[in-house]
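Down below is the structure, laid out as structure tokens.
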Amino acid sequence: MRLNIQDAVRRIDWWALSAGVALSGVGLLLIHSLTWPEDTRLVKQMVFLALGLAIFFGTQFLDAHLWRNASIILWVLSVVVLLGLLFFGETTRGTRGWISIGSFGIQPAEFAKLAVILFLATTLERIRFDIARLSDVLAVLIIIGIPVLLIILQPDMGSAFILLLTSGGMVLATGLDRKKLALLVLVGMITVSVGWFFMLHDYQKERLLTFLNPQSDPLGAGYNVTQSIVAIGSGGIFGRGLGLGTQSQLNFLPEQETDFIFASIAEELGFLGASLLLFVYLFLLWRLYRALCACDSMFGHFLILGVLVMLFSQAVINVGMNMGLFPVTGVTLPFVSYGGSSLVTSFAGLGIALAARSKKS
């Protein structure tokens, strides 16, 4: 079902959209500051921002029934692409998870997050999930497990972890008593143990161990976190100014426009700038929470919750990673970090979630 222009405009949450655009604007500002005078990355990010906004507005014309029907197709397509990446994908920063189209790189793992959210929301609504029913458990494990396994094999532990957190939050929302929750925790502990001993590479284990004590290897595994903390601290209250951050501008801080862009923001815009950024995130998440409370369909409820958990977990983990509170996992800051796939997925997820709150869902 398609909506006319007036209905589509009325259903748009302009406050949430403004928050997303504001966050992206800060990202563009920092990308320009960090890459000037070579602004190739800025231009690419602007192209993806335009694409993300076009998709956001396009989702407002589509009814939730379309996403229900298309969810399995999108999930199967994402699985096929993720499988193909293991053989034909471009390797970037040690991860075989990219498709090159001219000068642009696309990371299918980002889009797989949204595909899993859609298909899982459809499935949880249809089967009325009960962890006591083996068929329900197998269905959910297949929907979540196959994409997670393929992403881990790239290896991209950050995206896999976000996908697990998002899916877990959606499953928990079905309502679990203490025994069922204990069973879910046990399964999670077994999965983590298997992953540690049989799936994680040595450098990934080293990152997790160094996270507990970055100073144990300040020039090796702990270098990124150490430089990030220095950058955040050097910004002070008001920051050093755009283009004047020593840690970021002199490349002491690695991945300063992607994984560690929050540290760059804190250094150049200071505590006030970083705090304002976090406030905008909280406002955006609050708008999604309002949409969640207003939604009167089970599918829309699970869908909005999935997008909410995805954006919240990515933001918390990225900021925590920059401050040395979490291990370095390569999780980007939604709407802000350089990366077209992440930016487009964030706007697409926001648009689908906000459209799903409609009573026509």
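The values are calculated or read from the model by the stated rules, or taken from the named source; none is laboratory data. Computed from a predicted model, the values in this text were never measured in an experiment. When we count neighbours, we look across all protein chains shown, and the Cβ atoms used for this are built from the backbone with ideal geometry, even at glycine.
Observations on the structure shown:
- From the options ASP13, ASP63, ASP39, residue that is acidic (Asp, Glu) and within 27 Å of PRO147 (Cα to Cα): ASP63
- Residue, modelled with the highest pLDDT, within the range 96-128, restricted to residues that are in a loop (DSSP other than H, G, I, E, B) and either closer than 16 Å to MET157 by Cα or charged (D, E, K, R) (or both): GLN107
- With respect to the conditions (1) touching a residue at least 60 places away in the same chain (Cβ under 8 Å); (2) under 28 Å from VAL47 (Cβ atoms); (3) out of contact with any Phe, Trp or Tyr (no Cβ under 9 Å at 6 or more places or on another chain); (4) not small (Gly, Ala, Ser), LEU292 lacks only one, and its number is (2).
- Within the range 235-288, tally of residues that are of a type in the set (D, E, K, R), outside any loop (DSSP other than H, G, I, E, B) and touching a Ser or Thr at 6+ places or on another chain (Cβ under 9 Å): 2
- Identity of the residue in the range 95-123, over 22 Å from PHE56 (Cβ atoms) and without any contact (Cβ under 8 Å) to a residue 12 or more places away in the chain, that ends up nearest to the chain's Cα centre (by Cα): SER100
- Check on PHE61, over 18 Å from SER346 (Cβ atoms) and buried (at least 16 other Cβ atoms within 10 Å of the Cβ): yes
- Any hit, the range 344-361, residues being crowded, with 23+ Cβ neighbours inside 10 Å, at pLDDT below 95 and not hydrophobic (A, V, I, L, M, F, W, C): yes
- From the options THR35, THR40, residue that is out of contact with any helix residue (DSSP H, G or I) (no Cβ under 7 Å at 6 or more places or on another chain) and under 27 Å from ILE265 (Cα atoms): THR40
- SER313 meets all of the listed conditions (1) surrounded by fewer than 23 Cβ atoms within 10 Å (Cβ to Cβ); (2) within 23 Å of ARG41 (Cα to Cα) but one, namely (2).
- Within the range 260-273, residues that are closer than 18 Å to VAL331 by Cα reach partners that are surrounded by fewer than 24 Cβ atoms within 10 Å (Cβ to Cβ) and among the small types (Gly, Ala, Ser) with beta carbons closer than 8 Å, at six or more positions or on different chains, in the pairs PHE262/ALA274; SER264/SER33; ILE265/GLY273; ILE265/ALA274; ALA266/GLY239; ALA266/GLY273; ALA266/ALA274.
- Residue match in the range 53-71 (condition: among the β-branched types (Val, Ile, Thr), modelled with pLDDT of 95 or more and closer than 30 Å to ALA231 by Cβ): no
- Annotation note: of LEU284, LEU311, LEU305, the sole residue that is at pLDDT 95 or above and in contact with a Pro (Cβ under 8 Å, 6 or more places away or on another chain) is LEU311.
- No other residue among GLY320, GLY349 is free of Cβ contacts under 8 Å to residues at least 40 places away in the same chain and among the small types (Gly, Ala, Ser) apart from GLY320.
- Residue that is under 28 Å from GLY270 (Cα atoms), surrounded by 12 or more Cβ atoms within 10 Å (Cβ to Cβ), among the hydroxyl-bearing types (Ser, Thr, Tyr) and at pLDDT 65 or above, where the choices are THR166, THR226, THR210: THR226
- Residue list for the range 1-54, restricted to those being aromatic (Phe, Trp, Tyr) and over 17 Å from the mean Cα position of the chain (by Cα): TRP14, TRP15, TRP36
- Count - residues of the range 154-173 that are part of a loop (DSSP other than H, G, I, E, B) and either in contact with a helix residue (DSSP H, G or I) (Cβ under 6 Å, 6 or more places away or on another chain) or charged (D, E, K, R) (or both): 2
- Search result, residues across the range 118-145 that are farther than 12 Å from THR174 by Cβ and in contact with a Phe, Trp or Tyr (Cβ under 8 Å, 6 or more places away or on another chain): LEU118, PHE119, THR122, ILE143
- Residues satisfying the stated conditions in the range 224-273, i.e. hydroxyl-bearing (Ser, Thr, Tyr), in contact with a Phe, Trp or Tyr (Cβ under 9 Å, 6 or more places away or on another chain) and within 14 Å of ASN322 (Cβ to Cβ): SER228, SER248, THR258
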